[in-house]
Amino acid sequence: MRTPIRDWWARRSLRLRLTAAAALVITVGLVGAAVVLVAWLRTSLNSGLDQAAWQRAQAVAEIVNSGKLPVTLPSPGDRDITVQVIDRQGTVRSSSPNLQGRSRVFAFPPTTSDAPHARSLQHLPHGENTSWRAVAVPAGTRKRIR
């Protein structure tokens with residue numbers, strides 16, 4: 001049984017049908033490539049953010065290991081960097097200026113491997129309600145701050 005749409009399509013020229021089929025295939029290919037590109041860019045940007053957070057955490061760990069931990073950690077001038085040093089009891093020992101005087105924000109355990117294991121956090125007590133990437137690293141001795 002033939003439908004009106006099928007009859008209409010069958011009456012079109014071969015050139016038109018081939019052009020429409022080629023346009024459809026190219027459109028599907030471009031949409032697929034765009035999806036892959038966006039996913040790759042997101043992964044690449046998150047990887048860069050994770051590496052930057054890891055490097056900053058390592059720098060703060062060096063300050064802790066030196067035994068000269070200030071109450072307010074020096075800020076690189078970027079308000080988007082948030083740091084807290086937490087002891088084993090969960091007490092905030094030091095923080096970046098944008099978290100000064102606030103209670104513990106980060107509640108996950110430190111990473112013990114050499115690769116950054118970042119987590120996505122929402123709703124930090126400052127800034128917009130955006131997603132943040134955070135890492136935790138151990139520092140200090142077992143008797144002092146971790």
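The values are calculated or read from the model by the stated rules, or taken from the named source; none is laboratory data. Since the model is a prediction, treat every value here as computed from it, not as a measurement. Glycine gets a Cβ as well: all are built from the backbone with ideal geometry, and neighbour counts include every protein chain shown. These area figures cover heavy atoms from the full protein model, side chains too; ligands, DNA and RNA do not enter into them. Shrake-Rupley method; radii C 1.70, N 1.55, O 1.52, S 1.80 Å.
Within the listed set ARG56, ARG15, ARG93, the Gaussian network model of the chain (springs between alpha-carbon atoms below 10 Å) gives the highest mean-square fluctuation for ARG15.
At the residue level, THR111 shows approximately 20 square angstrom of accessible surface with a 1.4 angstrom probe and all protein chains present. In the complete set of protein chains, residue-level accessible area for ILE86 is approximately 20 Å², probe 1.4 angstrom. The charge dipole of the range 1-125, taken about its Cα centre with unit charges on the Cβ of Lys, Arg, Asp and Glu (plus for the first two, minus for the last two), comes to roughly 860 debye. Phi-derived couplings, Karplus 6.51 cos²θ - 1.76 cosθ + 1.60 at θ = phi - 60°, listed residue by residue for the range 96-112: 6, x, 6, 10, 4, x, 9, 6, 4, 9, 9, 10, 9, x, x, 6, 9 Hz, with x used for Gly and Pro. Taken over the Cα atoms of the range 1-81, the convex hull encloses 170 Å³ per residue. The angle separating the long axis of helix 14-66 from the principal Cα axis of greatest extent in the chain is about 0 degrees. At an R0 of 41 angstrom, the distance between the Cβ atoms of ALA10 and LEU45 translates into a FRET efficiency of 0.25. Amide H contacts of VAL85 (H built 1.01 Å from N, in plane; Pro and chain starts excluded): ARG93, SER94, SER95 sit under 5 Å, all sequence-distant by 5 or more or on other chains. Largest to smallest in accessible area, the residues HIS123, HIS117 fall in the order HIS123, HIS117 (1.4 Å probe, all protein chains included).
Mean-square fluctuations from a GNM of the chain, with a 10 angstrom spring cutoff on Cα atoms, peak among VAL35, VAL25, VAL135 at VAL25. Calculated FRET efficiency, ARG119 and SER66, Cβ-Cβ r, R0 30 Å, to nearest 0.05? Once the sixth-power term is evaluated, E becomes 0.65. What the chain shows is 71 Å² of accessible area per residue, with the surface traced by a 1.4 Å probe over protein heavy atoms.
In the distance distribution for the chain, Cα-Cα pairs more than 21 Å apart total 58 percent.
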